[in-house]
Amino acid sequence: TDLRPLDILSEAVPAGGLARSMRVFQVQGMRGFQLNTSQPRALGFPASRLFIHCDCFPEEFSIIVTLRVPSAPTKRNEYLFTLMAEESSSVLVGLRYAPNKLHFLFWSQEHTGGWQTRVTFPNVSLSDNQWHTLVLAVSGQSFSLTVDCSIPKDIVVETPFPSSLSVKRASFYLGSRRRRKGVFTGLLRQLVLLPGADATSQICTTMNFKVEMLSVPTALQGLPEKPASNEVLKYPYETDTKVTLGSRPACTKQEKAQFWFNASQRGLFLCNGSTWISMLEVKQRLDYVEEYQNLVTNSETMGVEVFTIPKVGLFAATANRYTLPGSAIYKWTDGKFVPYQNIPTYQAQSWKYFTIGKKIFLAVANFEQDDRGQELSVIYKWSRRKEKFITHQRITTHSARDWEAFVIEGEAFLAVVNHREGNNHNIDSVIYRWNPRTGLFETNQTIPTSGAYDWEFFTIGPYSFLAVANTFNGTSTRIYSHIYIWLSGSFQLFQSILTIGAADWEVFHIGDRVFLAVANSHSYDSGMPAPSNFYAINSSIYELNITAQMFVKFQDLLTFSALDWEFFSVGDDSFLVVANSFDGFTFSVNSIIYRWQGYEGFVAVHHLPTVGCRDWEAFHTAEGSYLLYSSAKEPLSKVLKLKTT
């Protein structure tokens with residue numbers, strides 16, 4: 001035989017449609033055949049259709065199977081396929097699944113006196129409602145089974161696979177041994193015979209081992225093309241449709257073809273494997289903003305982080321000024337944030353929530369020394385047993401202002417902004433790399449910064465960027481902030497932008513356009529005459545110019561000691577809210593919500609009274625959309641609800 005893959009599953013599908021004994025189901029974003037137990041003979045075909053040039057079964061070969069077995073325990077054997085002579089009830093070649101076992105069967109007249117040989121692979125667990133790919137490699141007395149590209153199970157038996165097994169007047173049968181008993185009840189996606197080779201190296205080439213394919217029938221490939229209005233699908237399929245309620249869930253290949261119903265927006269969405277596609281939605285528009293909750297904090301709050309711990313709930317961490325009682329974590333309970341955990345901090349500036357695999361972390365940027373005179377910022381890890389954050393790692397920092405967590409090429413990083421060391425503002429900020437062996441972050445790169453306040457990580461296509469907001473170099477706030485690009489294993493300078501006491505960068509996308517907004521906080525230069533107002537200055541929005549390969553200024557907006565930007569969306573509308581903190585006379589100053597209006601840019605639509613506003617966070621629950629702002633001048637933060645029409 002030639003060494004091409006012989007697709008047993010495709011051969012059983014009639015040209016131009018499906019057999020009556022076959023149904024197509026889509027599960028976890030992949031399709032498979034479910035076989036009809038009442039007509040097992042209908043799923044057979046002569047072996048001569050595969051073995052065109054030779055009527056002997058290959059002596060060395062691999063069998064590749066992709067299948068999904070129900071989680072309901074089965075007490076019987078189920079056949080994945082058999083090869084049987086027409087005049088006999090004996091199985092020439094077959095693959096049979098039993099609870100936690102896989103049996104390979106073959107007939108060897110010259111070695112066993114006409115008895116069937118069974119090679120059993122123990123501890124093969126497939127009954128979990130998940131897709132699995134098996135590779136069975138056969139060569140003489142050696143039999144090797146690989147499940148999802150894990151370590152192969154190797155068995156050597158006394159009876160070798162026959163060197164000349166005739167397939168004259170024999171037929172393949174899908175999912176049975178030509179009778180109703182023992183019919184396979186799961187889903188089959190791939191069943192391929194590859195003569196003369198161990199197919200493991202061909203299958204185990206990608207990260208998604210469970211679904212790697214050598215050959216798949218046309219009816220099981222891709223998403224269906226939309227038929228014309230008077231046509232039906234050539235290959236109709238069914239799916240175990242699941243509708244998820246609540247906040248926006250993940251949309252990956254696992255959730256493909258699943259629905260999400262957004263009760264707050266009255267919208268129905270379909271996952272296409274990467275994004276949620278609107279199927280039925282009442283487009284909401286922001287009408288007004290109302291005060292929803294006064295959140296009493298331990299002390300003045302420099303920053304706030306809202307995050308969700310899967311299967312636990314929605315939380316908000318406040319970075320509070322005073323050591324006692326420290327900073328607090330609040331949990332969303334019955335529609336309000338309530339105190340959940342206090343953590344000792346030292347003039348905390350910000351929190352950063354991030355995950356590495358299944359591990360959950362929360363890092364705090366401490367601005368002052370602890371009780372022992374050490375200047376340490378701390379990474380806390382979520383304890384599933386205690387349902388609390390516990391100390392994981394302490395890192396030496398210098399008046400830390402901000403943490404940023406990100407992943408590049410599968411590796412996890414954590415970057416800290418060091419604001420100053422003593423009176424020296426021109427110091428290094430540090431990027432740490434996660435060491436999976438030690439479970440700790442280790443120094444990876446240092447970047448010179450000047451009184452820096454903020455890191456902002458973002459990606460554009462295959463490229464990764466990190467922007468730093470430089471605030472003060474010791475003599476002036478009119479200095480360059482920098483954007484770095486990841487090249488050859490480190491961040492290298494990409495672009496420098498003149499900023500005025502930059503306190504925050506915010507990256508956001510509107511359609512295919514990429515924007516970067518800077519919050520300028522105050523204007524000071526020891527060598528220049530004092531301005532009439534140090535704090536009433538423009539903050540700027542920059543847009544990426546693909547042709548020039550740089551960010552160019554798009555719009556200036558008058559702000560008052562701006563310390564933060566937050567981007568959010570309501571329906572099809574995009575918004576920016578700025579944290580105005582001080583106008584030169586009072587900390588009671590309006591923060592502004594701007595709406596994107598295309599050619600006009602961002603236009604002010606709502607003026608929100610705030611006191612020393614330091615940070616904004618937008619978040620969503622099943623009940624609606626909210627904004628949370630923190631005050632750096634009073635121990636009171638506010639939750640505002642976005643009222644829509």
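The values are calculated or read from the model by the stated rules, or taken from the named source; none is laboratory data. Everything numeric here is computed off the predicted structure, so don't read it as measured data. Neighbour counts are summed over all protein chains in view; Cβ atoms, including those assigned to glycine, are modelled from backbone coordinates with ideal geometry. Areas reflect the complete protein model, heavy atoms only, side chains present, ligands, DNA and RNA absent. Shrake-Rupley method; radii C 1.70, N 1.55, O 1.52, S 1.80 Å.
Could you tell me the distance between the Cα centroids of the range 298-324 and the range 521-591, to the nearest Å?
25
Counting only heavy atoms of protein chains, what accessible area per residue, in Å², does the chain have with a probe of 1.4 Å?
46
Using the Karplus equation 6.51 cos²θ - 1.76 cosθ + 1.60 (θ = phi - 60°), what ³J(HN,Hα) coupling, rounded to whole Hz, does each residue of the range 293-300 give in order, writing x for Gly and Pro?
These are the phi-based 3J(HN,Hα) values: 8, 8, 9, 6, 10, 4, 6, 4 Hz.
Kindly identify the range 6-219 as rounded, prolate or oblate by the Cα gyration tensor criterion: order the square roots of the eigenvalues as a ≥ b ≥ c, call it rounded if a/c is under 1.5, otherwise compare a/b with b/c, prolate if a/b is larger, else oblate.
Since a/c stays below 1.5, the shape of the range 6-219 is classed as rounded.
Accessible area of the chain with a 1.4 Å probe: how many percent of it is carbon plus sulfur?
50
Anything over 30 Å Cα to Cα? Flag those among Lys253/Lys641; Lys358/Lys633; Lys101/Lys181; Lys336/Lys381; Lys253/Lys643, in the order listed.
Too far apart for the 30 Å limit: Lys253/Lys641; Lys358/Lys633; Lys253/Lys643.
For the range 380-424, what ratio Rg/Rh do Cα atoms give with a Kirkwood hydrodynamic radius?
Numbers: Rg = 14.1 Å, Rh = 12.9 Å.
When Rh is taken as the Kirkwood radius, the ratio is 1.10.
With θ taken as phi - 60° and the coefficients 6.51, -1.76 and 1.60, list the Karplus ³J(HN,Hα) couplings across the range 478-494 in order, rounded to whole Hz; mark glycine and proline as x.
8, 9, 8, 9, 10, 10, 10, 10, 7, 9, 6, x, 7, 8, 10, 4, 10
Give the long-range amide H neighbours of Asp402: residues separated by 5 or more places, or on another chain, with amide H under 5 Å away, using H modelled in the peptide plane at 1.01 Å from N.
Here the answer is Val417, since their amide H atoms fall under 5 Å of that of Asp402.
Between Ser350 and residues 5 or more places away or on another chain, which pairs have amide H atoms under 5 Å apart, with H built 1.01 Å from N, and which residues are they?
Amide H neighbours of Ser350: Ala365.
Treat each spin label as a single point 7 Å out from the Cα along the C-beta direction, and report the Tyr322 to Ser164 distance in nm.
Inter-label distance under the simple model: 9.5 nm.
Got a number for the accessible area of Val605? Probe 1.4 Å, square angstrom, nearest 10.
Result for Val605: roughly 50 Å² accessible.
Counting only residues 5 or more places away or on other chains, whose amide H sits under 5 Å from the amide H of Gly29 once H atoms are built in the peptide plane?
Under 5 Å from the amide H of Gly29: Lys256.
Roughly how much of Glu86 is accessible, in Å² to the nearest 10, using a 1.4 Å probe?
Using a 1.4 Å probe on the heavy atoms, I get roughly 80 Å².
Treating each Cα of the chain as an identical point scatterer and ignoring solvent, apply the Debye formula and state log10 I(q)/I(0) at q = 0.05, 0.09, 0.12 Å⁻¹.
-0.34, -0.86, -1.16
If you plug each phi of the range 571-577 into the Karplus form 6.51 cos²θ - 1.76 cosθ + 1.60 with θ = phi - 60°, what whole-Hz ³J(HN,Hα) values come out, in order, with x for Gly and Pro?
x, 8, 8, 10, 9, 10, 10
In square angstrom, rounded to the nearest 10, how much accessible surface does Trp434 have for a 1.4 Å probe?
Accessible surface of Trp434 is approximately 30 Å².
Stokes-Einstein diffusion coefficient for the range 286-644 at 20 °C in a medium of 1.002 mPa s, Rh from the Kirkwood formula over Cα pairs: what value in µm²/s?
103
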